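Student: The following block contains the structure, expressed as structure tokens.
The values are calculated or read from the model by the stated rules, or taken from the named source; none is laboratory data. Quick caveat, the model's predicted, so the values are computed rather than measured. Because the Cβ atoms are built from the backbone with ideal geometry, glycine has one as well, and the counts that use them run over all protein chains shown.
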Amino acid sequence: MDLPLWLQSAIQERLERVMSGIERRPELRKLRSEEGSAFEAMFSGTDRTMIPGFMDWEDKHHHKRGVENEHLYIQGLRDGVQLAFTMLVDPISDFDKH
């Protein structure tokens, strides 16, 4: 079943708003800063994969992405529950208006 274009657009807009909010979280600012510092420290070497700083940066990068994804997942669950609840409370009248 394909989703209507208006719903796809609404989901995409919501995802962009949620990701924007997640990116501004203090814990992610700290992780982003640590990741950036670790990455910048690597530029003294020529082969980034062979220097110890690369492994540190890579670990911080993957950790930061994991935290971002966790926040997206949790917000998605909240949004899904809210949507399901709204549809269960008054499933007909809201969709007849469109």
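Student: Checking the conditions here, which among LYS30, LYS60 is at pLDDT 85 or above, surrounded by 12 or more Cβ atoms within 10 Å (Cβ to Cβ) and under 27 Å from GLY76 (Cα atoms)?
Tutor: LYS60
Student: Could I ask something else about it? With respect to ARG24, determine if the residue is under 14 Å from the mean Cα position of the chain (by Cα), surrounded by 14 or more Cβ atoms within 10 Å (Cβ to Cβ) and within 28 Å of GLY53 (Cα to Cα).
Tutor: no
Student: Tell me, which residue of region 1-21 that is free of Cβ contacts under 8 Å to residues at least 12 places away in the same chain and among the aliphatic types (A, V, I, L, M) is surrounded by the most Cβ atoms within 10 Å (Cβ to Cβ)?
Tutor: Only one residue fits best here, namely ILE11.
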